Amino acid sequence: MKKALFFATCLLAMVACDNGKTSSGLPQASQNDSLQKVIEQKDNEINDMMGILNEVEEGFRLINEAENRVSVAKNGEGASRQQQIRENMQFIQQRMAENRELIAKLRNQVKNGSIKSEQLQKTIENMAKQLEEKDHQIKDLYAQLEAKDIHIEELQNTTNTLNKNVDILQDDNAKKANTINTQDKQLNTAWFAYGTKKELKEQNILVDGKVLQDNFNKNYFTKVDIRTLKALKLYSKSAKLLTMHPSSSYKLERDAQDQYVLHITNPQLFWSTSKYLVVQVK
């Protein structure tokens, strides 16, 4: 529990640092709105992570208590002790499987979320190591029970089934994460091309004054991630956008060599009308 509280402080400190950063180029109202969205997103991520951390910590505590009950029962006497041992060992294995699933979920959130912390990564790995050590302890406990002629083979079968289910779930989560990443890349992928009027005609990009009609050469275009493309050097003193993009989402400015550079000031708006950009230069 102390670890969870410590990382709550660390994560909140990270958010506080991010909150102090503003973009001076935006109006104050836009800054506040964007900042509030960042705060809410990170608050939700932190709350979710803290909930998982607390669940894992509680899981280990309950496992330790159940182990102690088994240790006491295996040295005792009476017809009910074997049933008590069975119930506690089953509880231990269920909690172990749950902790495996929670740790896997936490790893996935850290990998794909906006909260990045080396200390949090170390905590997750320490929990995974603790889980592995606990697994060895439970195997030793099984051996001790077998030595006392207390057979719980069906529980070991249950353990194998639970662990297999967790492995399947982790694999399923990984596949889902890959699918989401692929879809995310597709949603944020666009293509651009620039060239002289003659070059664009040769590639069937410009036909009879119309742009991007049938059978244009897609290989002439360069694929980009719209989240990272902020400026495009056109290496020309004359430039004209042939595809439709909202005028408020970009600026055409000249550089030190008096050549045009396309600055995309609002990527989401710029690419909302077309995922293809064609610029005619001279």
When the range 263-282 is examined, which residues are found to be within 20 Å of residue 206 (Cβ to Cβ) and surrounded by 13 or more Cβ atoms within 10 Å (Cβ to Cβ)?
274, 275, 276, 277, 278, 279, 280, 281
Only one of 277, 229 is in contact with a strand residue (DSSP E or B) (Cβ under 8 Å, 6 or more places away or on another chain), assigned to a loop (DSSP other than H, G, I, E, B) and within 30 Å of residue 112 (Cα to Cα). Can you tell me which?
229
Filtering the range 217-226 down to residues that are in a loop (DSSP other than H, G, I, E, B) and either open to solvent by 100 Å² or more (accessible area, probe 1.4 Å) or over 16 Å from residue 264 (Cα atoms) (or both) yields 217, 221
When the range 44-60 is checked residue by residue, the ones that are more than 12 Å from residue 127 (Cα to Cα), of a type outside the set (Asp, Glu) and in contact (Cβ under 8 Å) with a residue 12 or more places away in the chain are 46, 49, 50
Listed residues 118, 77, 133, 153; which is modelled with pLDDT of 85 or more and surrounded by fewer than 17 Cβ atoms within 10 Å (Cβ to Cβ)?
133
Any residue in the range 187-199 that is open to solvent by 40 Å² or more (accessible area, probe 1.4 Å) sitting within a Cβ distance under 8 Å of a residue that is part of a helix (DSSP H, G or I)? List the pairs, counting only those 6 or more apart or interchain.
191/218
Pairs, first assigned to a helix (DSSP H, G or I) in the range 118-129, second among the acidic types (Asp, Glu), C-beta under 9 Å, six or more apart:
127/57
Name the pairs whose Cβ atoms lie under 6 Å apart, with the first residue in the range 213-230 and over 9 Å from residue 203 (Cβ atoms), the second part of a helix (DSSP H, G or I) and open to solvent by less than 100 Å² (accessible area, probe 1.4 Å), and 6 or more positions between them or separate chains?
226/267
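The values are calculated or read from the model by the stated rules, or taken from the named source; none is laboratory data. A quick note: this is a predicted structure, and the numbers were derived from the prediction, not measured. Cβ sites come from the backbone with ideal geometry, for glycine too, and all protein chains shown count toward neighbours. The area values use the complete protein model at the heavy-atom level, side chains included, leaving out ligands, DNA and RNA. Shrake-Rupley method; radii C 1.70, N 1.55, O 1.52, S 1.80 Å.
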